[in-house]
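The structure under discussion appears below in the form of structure tokens.
The values are calculated or read from the model by the stated rules, or taken from the named source; none is laboratory data. Computed from a prediction, not measured in an experiment: that's the story for all the values here. Positions of Cβ are backbone-derived with ideal geometry, glycine not excepted, and every protein chain shown enters the neighbour counts.
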Amino acid sequence: MRFRRTTLLLLVLLAGCGDQPRLKPLAPDAVVLAFGDSLTFGTGANASESYPVRLEALIGRKVVAAGVPGEASAAGLARLPAALDEVKPKLVIVCEGGNDFLQKLDEAQIANNVRAMVRLAIAQGAQVVLIGVPKPGLLPSPPDFYENIAKELGLPYEGSALKKILTDNELKSDMVHPNARGYARLADAIAALLKKAGAL
């Protein structure tokens, strides 16, 4: 009996670690909404070199780019309902928070805004992927709240791609934006995450 209990506990622990949350497969005609600020818009590269354009080519699904340079998360939250109504996406990629960090806004409020965006998209029937945005500094890294939200709401999470890109001078156009090569790397990372999670 004790052996059985130990084995069961071990199986539960193993089931709960390592793997990304799963996504339902995206139909060939599914629309993906890439939602965010200048990182989604593609500031620092040509329009054809933004990560949503690159991602569309990689995944074979339509990707609608909805990035607004300079937007803080509160404005993104206010803008999202109209974007969801217009696009009717099956998947939303949320990449917000960078401008909040630059404006030194309260992290708890940024987290609340990002969480509210995710919940709004889910309530509209979309699946969500969350991208962690690095906080500027000597060693830029996404604050823990991104990963915490992803765990709390069961989302696939990409927390390392932008961190790697923005610490490599070959991949960025300035301190906070990738260049064309950097956006290509970001698109590669998101496509790999979608495949791992079962969306493709």
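Of note:
- Only a single criterion out of (1) on the phi < 0 side of the Ramachandran plot; (2) at pLDDT 95 or above is not satisfied by Lys88, namely (1).
- Of all the residues in region 157-191, those that are part of a helix (DSSP H, G or I) and within 20 Å of Val94 (Cβ to Cβ) number 14.
- Where Ala111 falls short, out of the listed (1) out of contact with any Leu (no Cβ under 8 Å at 6 or more places or on another chain); (2) closer than 26 Å to Ser173 by Cα; (3) not aromatic (Phe, Trp, Tyr): (2)
- Subset of region 104-147 (residues that are in contact (Cβ under 8 Å) with a residue 12 or more places away in the chain, among the hydrophobic types (A, V, I, L, M, F, W, C) and either in contact with a Lys or Arg (Cβ under 6 Å, 6 or more places away or on another chain) or part of a loop (DSSP other than H, G, I, E, B) (or both)): Leu105, Ala126, Val133, Leu139
- In region 141-159, residue farthest from Arg115 (Cα to Cα) [restricted to those that are out of contact with any helix residue (DSSP H, G or I) (no Cβ under 7 Å at 6 or more places or on another chain) and charged (D, E, K, R)]: Asp144
- Some residue of region 97-114 being among the charged types (D, E, K, R), crowded, with 21+ Cβ neighbours inside 10 Å and either over 21 Å from Ser38 (Cβ atoms) or more than 14 Å from the chain's Cα centre (by Cα) (or both): yes
- Search result, residues across region 118-157 that are of a type in the set (Gly, Ala, Ser) and either in contact with an Asp or Glu (Cβ under 8 Å, 6 or more places away or on another chain) or closer than 21 Å to Ala34 by Cβ (or both): Ala121, Ala123, Gly125, Ala126, Gly132, Ala150, Gly154
- Of the residues Glu170, Glu158, the single one that is among the charged types (D, E, K, R), more than 20 Å from Leu105 (Cβ to Cβ) and buried (at least 22 other Cβ atoms within 10 Å of the Cβ) is Glu158.
- Scanning region 53-81 for residues that are assigned to a helix (DSSP H, G or I), crowded, with 22+ Cβ neighbours inside 10 Å and free of Cβ contacts under 8 Å to residues at least 60 places away in the same chain turns up Ser73, Gly76, Leu80.
- Criterion: of a type in the set (A, V, I, L, M, F, W, C), modelled with pLDDT of 95 or more and more than 20 Å from Val63 (Cα to Cα) - qualifying residue of Ala126, Ala150, Ala189: Ala150
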